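Contents: one structure, followed by commentary.
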Amino acid sequence: PFWIADSGFLGIGFGSGLGYIAGLGSTTKVCATKSYLSFAVGLVAAGYGLSSTLVGISYHHIGLGSFFLFWAILVASVYLLSAFVIPKTLFHCDESSFNELEIESYDSAHEQSVDNAHHELDITRVSSIESLSQHGIDETSFLTPNDAVLSEHLWITWRKIDFWLLFCIFACVTGCGLFVINNISTMAQSLGEKDAFAGTLLFLLSITNVSSRILTGLLADSFNKVALLGYASALMACGLLISAVNSDGSAALTLTVGMVGVAYGGSWVLIIGILADRYGKTNFGKDYGLIAMGPALSGMIFNSISARIYERHSEESDGICLGGDCYQNAFLLTASAAIFGCAIAALMTNATSYSTH
């Protein structure tokens, strides 16, 4: 029955999302004080990108009959092994003495509060003070020690304008990547290519995706992460424009897939470092979970629009579209979105440089 398959795929999607966030979150916590934080995150994220290649290879060798059982046993075994092998103290070994003092200060702040009304007044004060940053005023000069403690423990990231600017950048670049990833097979088909060519494109996408996550992790530890995210958006835009200009060329599509894989993989690593640097690790799970909604929204929008464009140029008899017009306008649309994300990243980078000086 279809409802069983739908339930199974819902569980797979839910579990993969939880596993991805848990892996990145724990890595960020353990390596938060290390100089190689982005590289460690890049390695973990690369495993997620490599899984698509391993899944494809296993599917062709095992077959559909044993495919799901094989991966269910493998994933469950790895999770159980990790639960018993990885020491629990690992996730507390990097807690600094500042965190201990912070907790003590937080407790004393509550003890000194006369009642809950005073505590709510403190929260209001912190929120008001932090809003000064939106007007270019250094809000840290207005914070008392108790205010700093409350600011650290409250989830106020979603109130910040710069967070939503990052949300737009990340949604633009990853949404464009999802558009290409989800339509590779039909893109190859529209050019008259065979399934072997589509398989080659999928392999190229996986390799560039994984390599980019590792390389970006190395670069992010030494360079401005927001600027690198802007470069990823620019690379995404260039790759999409290549296929928009030469929409009926197989070589152009190959180059586009390679550039999209690099930009897409790198952006997932960069956003983790940006969130950790700007907003800390206390509410990292909430910050990452909220910003990860961006790719879901933009991917749905871009894929829906591209599907309608594809249908307009397809044959009424079989619903198959052939020729460069099938995705040309979709490439132009997504390239425009990537350029928009690049522009926002440039503005944020310049604003940060100006405030630093």
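The values are calculated or read from the model by the stated rules, or taken from the named source; none is laboratory data. Everything quoted here is computed from the prediction, not taken from an experiment. Cβ placement follows ideal geometry from the backbone for every residue including glycine, while neighbour counts extend to all protein chains displayed. Areas reflect the complete protein model, heavy atoms only, side chains present, ligands, DNA and RNA absent. Shrake-Rupley method; radii C 1.70, N 1.55, O 1.52, S 1.80 Å.
Things to note:
- Looking at THR256, THR349, just one residue is buried (at least 19 other Cβ atoms within 10 Å of the Cβ), in a helix (DSSP H, G or I) and polar (S, T, N, Q), and that residue is THR256.
- Options SER306, SER267: the member that is more than 17 Å from ALA232 (Cβ to Cβ), open to solvent by less than 60 Å² (accessible area, probe 1.4 Å), part of a helix (DSSP H, G or I) and not β-branched (Val, Ile, Thr): SER306
- Test set (1) more than 15 Å from the chain's Cα centre (by Cα); (2) of a type in the set (Ser, Thr, Tyr); (3) modelled with pLDDT of 95 or more - SER222 fails condition number: (3)
- Qualifying residue in the range 335-342 (condition: of a type in the set (Ser, Thr, Tyr) and open to solvent by less than 20 Å² (accessible area, probe 1.4 Å)): no
- Unique residue being open to solvent by 50 Å² or more (accessible area, probe 1.4 Å) and either more than 17 Å from CYS342 (Cβ to Cβ) or in contact (Cβ under 8 Å) with a residue 12 or more places away in the chain (or both) when the list is SER222, SER212, SER190: SER222
- Among the residues making up the range 187-196, those that are at pLDDT 90 or above and part of a helix (DSSP H, G or I) are MET187, ALA188, GLN189, SER190.
- Considering SER7, SER38, SER16, the condition of being surrounded by 15 or more Cβ atoms within 10 Å (Cβ to Cβ), part of a helix (DSSP H, G or I) and either hydroxyl-bearing (Ser, Thr, Tyr) or at pLDDT 70 or above (or both) is satisfied by SER38 alone.
Residue by residue, here is whether (1) part of a helix (DSSP H, G or I); (2) open to solvent by 10 Å² or more (accessible area, probe 1.4 Å); (3) closer than 17 Å to ALA343 by Cα holds:
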| position | (1), (2), (3) |
| --- | --- |
| TYR231 | yes, yes, yes |
| VAL260 | yes, no, no |
| ARG278 | yes, yes, no |
| ALA296 | yes, yes, no |
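- Check on ILE274, on the phi < 0 side of the Ramachandran plot, surrounded by 24 or more Cβ atoms within 10 Å (Cβ to Cβ) and not acidic (Asp, Glu): yes
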